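Colleague: Shown below is the structure under consideration.
The values are calculated or read from the model by the stated rules, or taken from the named source; none is laboratory data. As the structure is a computational prediction, the values presented were derived from the model and not from experiment. Heads up, the Cβs are rebuilt from the backbone with ideal geometry, glycines too, and the neighbour counts pull from every protein chain shown.
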């Protein structure tokens, strides 16, 4: 947010940004139609899933400074709502995504209402507790397989032609782009200034007229809903969903590491962090071993926290001054 | 004329410690009130109870006839009660201009457009002499500039009543005069001001009326020259 800096170029308007994002999505879609190797869509899906998760996390964690350790809970709930509704009614994927987002938004509302009176680290611990409680509940939910997990049949063809994985990729592309557009819109709106004020000094924000509680709860709902949407297509992507894979440590760690590496102050940070870290991990998985992933993420995260606490965007901005 | 701020029987305890006991205070619209008292006399607790940061245990507080007791701080700000903090608490990641933008966006009765926000913010910064620092971060400001930013941000909320909580502590004599002038100008524009201050020179120059707290009680309330000669006030400051 440097909108008042007299020398900087006027920032792109919100409408223009949405148009560019739509154009970008269209171009990737058209390019995707030429790709015949399904691996590209598998890898691309993972990258976009992390763009979505990191962006969703950053709306609360980066803009408002409330660190949510419960990403895995929202993500897994999205995945399990989708699994359950698919088994029960066999609804189409977009409906499952909306349902996952709605349920997770509601959980964000409950969690926010209960825990956002807690400031700073206490909020973070409460979100961690949420993840543990949710995992215990889902492990005992027999309808979706309980501890044994559930198989989900992935259709062989997607509704747009091409494989179903290709369809999942486009779905995730749309969701990720939407999330980035929402994040940027929030960032530039009055809410963005209110959240930044909360992050910097909550009592001073309240004294400046910011309804801090209302704003924090609304942000938790939005952030949770986007995480739920990220989880909803997962059962079709992995085809076998069990609690350990839904509540994967990698998801929780990555979602925090990516915004930190990219920079938490603006929408672009989580995008850069997500693309970079997920590509590094994908490359490590293919070339070295699948176990070295998290080690790499951990090392990169430590490096950034000690050497560049404001992430890549912070480094770039520092250079420009 | 009815008082703008009306405090009746205000009490606040922390555990067994009585921080404020049975405080009555009326402030008329347009008045300049000085509030003094030794350290620990309850001045800051009083400010926190009035502005909603703390909930008082007993009594009632009204602003312009509106009962404030159950309202959170941001709603009190919107009703026209703004405060500055003892130690400046700027929004560190925002520029100076953006610091004012927050109350301009949130505290006003009407929704301002982008251009209106900018215009009003710059006008306020001009008033406190920070116009050329608009694009800087608060940490790049000097001590007195941070105090001015603190006051400007409180003013951006468009208050009827401004509570300036020790906004001159640690400043040089010339700087103190500058802040007093600034507060007098704001008062001239119709803002009622309560100044909480240890620097007697500033309090005496500013106040039309002086109130003194000692150990959570109001011991004096009247013309400044009379209050400083009050034996209880003298004892509190100078000892027996």
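Colleague: Filter the range A:254-268 for residues that are in a helix (DSSP H, G or I) and touching a residue at least 60 places away in the same chain (Cβ under 8 Å) and give the result.
Modeller: Scanning the range A:254-268 gives A:254, A:255, A:256, A:258, A:259, A:262.
Colleague: Follow-up question, since we're still on this one. Can residue A:23 be described as at pLDDT 90 or above and surrounded by fewer than 13 Cβ atoms within 10 Å (Cβ to Cβ)?
Modeller: Numbers: at pLDDT 90 or above: yes; surrounded by fewer than 13 Cβ atoms within 10 Å (Cβ to Cβ): yes.
Judged against the criteria, residue A:23 is a match.
Colleague: Hey, among the residues in the range A:65-82 that are at pLDDT 95 or above and either touching a strand residue (DSSP E or B) at 6+ places or on another chain (Cβ under 7 Å) or under 20 Å from residue A:215 (Cα atoms) (or both), which one's surrounded by the most Cβ atoms within 10 Å (Cβ to Cβ)?
Modeller: Once the filter is applied, the top-ranked residue is A:74.
Colleague: Considering the range B:195-220 alone, what residues qualify as being over 15 Å from residue B:169 (Cβ atoms) and either out of contact with any strand residue (DSSP E or B) (no Cβ under 6 Å at 6 or more places or on another chain) or assigned to a loop (DSSP other than H, G, I, E, B) (or both)?
Modeller: Matches in the range B:195-220: B:204, B:205, B:207, B:208, B:213, B:214, B:215, B:216.
Colleague: I'm trying to understand the selection: among the residues of the range A:214-273, which are farther than 18 Å from residue A:171 by Cα and touching a strand residue (DSSP E or B) at 6+ places or on another chain (Cβ under 9 Å)? Before the answer, list the steps.
Modeller: The initial filter retains those residues of the range A:214-273 that are farther than 18 Å from residue A:171 by Cα, namely A:214-224, A:240-270, A:272-273.
Matches in the range A:214-273: A:240, A:241, A:242.
Colleague: With respect to residue B:55, determine if the residue is closer than 22 Å to residue A:198 by Cα, modelled with pLDDT under 95 and in contact with a strand residue (DSSP E or B) (Cβ under 9 Å, 6 or more places away or on another chain).
Modeller: yes
Colleague: Does at least one position in the range A:147-170 carry a residue that is closer than 30 Å to residue A:195 by Cβ and out of contact with any strand residue (DSSP E or B) (no Cβ under 9 Å at 6 or more places or on another chain)?
Modeller: Looking for residues that are closer than 30 Å to residue A:195 by Cβ and out of contact with any strand residue (DSSP E or B) (no Cβ under 9 Å at 6 or more places or on another chain), one finds none in the range A:147-170, hence no.
Colleague: Can you find, within the range B:63-75, the residue that is nearest to residue B:162 (Cα to Cα) among those that are touching a strand residue (DSSP E or B) at 6+ places or on another chain (Cβ under 7 Å) and buried (at least 18 other Cβ atoms within 10 Å of the Cβ)?
Modeller: B:63
Colleague: Please specify each residue of the range B:88-123 satisfying the condition of being closer than 19 Å to residue B:160 by Cβ, facing another protein chain (nearest Cβ under 9 Å) and not in a helix (DSSP H, G or I).
Modeller: B:107, B:108
Colleague: State whether the residues of the range A:127-147 include one that is free of Cβ contacts under 8 Å to residues at least 24 places away in the same chain, outside any helix (DSSP H, G or I) and surrounded by fewer than 22 Cβ atoms within 10 Å (Cβ to Cβ).
Modeller: Scanning the range A:127-147, I find at least one residue that is free of Cβ contacts under 8 Å to residues at least 24 places away in the same chain, outside any helix (DSSP H, G or I) and surrounded by fewer than 22 Cβ atoms within 10 Å (Cβ to Cβ), so the answer is yes.
Colleague: Also: Would you pick out the residues in the range B:179-197 that are buried (at least 18 other Cβ atoms within 10 Å of the Cβ) and more than 18 Å from residue B:39 (Cα to Cα)?
Modeller: B:179, B:180, B:182, B:183, B:186, B:187, B:191, B:192, B:193 - these are the residues of the range B:179-197 that are buried (at least 18 other Cβ atoms within 10 Å of the Cβ) and more than 18 Å from residue B:39 (Cα to Cα).
Colleague: Mind listing just one residue for me: the one in the range A:207-219 that is assigned to a helix (DSSP H, G or I) and without any contact (Cβ under 8 Å) to a residue 12 or more places away in the chain and, of those, nearest to the other protein chains (Cβ to nearest Cβ)? Can you show your working first?
Modeller: Going through the range A:207-219, the residues assigned to a helix (DSSP H, G or I) turn out to be A:207, A:212-219.
Imposing the further condition that a residue be without any contact (Cβ under 8 Å) to a residue 12 or more places away in the chain reduces the set to A:207, A:214.
Details: A:207: 6, A:214: 9 Å.
That would be A:207.
Colleague: Would you point out the residue of the range B:66-84, among those that are assigned to a helix (DSSP H, G or I) and more than 7 Å from every other protein chain (Cβ to nearest Cβ), that is nearest to residue B:52 (Cα to Cα)?
Modeller: If we take residues in the range B:66-84 being assigned to a helix (DSSP H, G or I) and more than 7 Å from every other protein chain (Cβ to nearest Cβ), then B:76 is nearest to residue B:52 (Cα to Cα).
Matching residues to (1) within 14 Å of the chain's Cα centre (by Cα); (2) within 15 Å of residue B:106 (Cα to Cα); (3) more than 14 Å from chain B (Cβ to nearest Cβ); (4) assigned to a helix (DSSP H, G or I):
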{"residue": "A:193", "(1), (2), (3), (4)": "no, yes, no, yes"}
{"residue": "A:197", "(1), (2), (3), (4)": "no, yes, no, yes"}
{"residue": "A:205", "(1), (2), (3), (4)": "no, yes, no, yes"}
{"residue": "A:227", "(1), (2), (3), (4)": "yes, no, yes, yes"}
{"residue": "A:245", "(1), (2), (3), (4)": "no, no, yes, yes"}
{"residue": "A:252", "(1), (2), (3), (4)": "yes, no, yes, yes"}
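Colleague: Tally up the residues in the range B:131-172 that are over 17 Å from residue B:85 (Cα atoms), within 13 Å of chain A (Cβ to nearest Cβ) and either within 12 Å of the chain's Cα centre (by Cα) or part of a loop (DSSP other than H, G, I, E, B) (or both), please.
Modeller: Here the count works out to 4.
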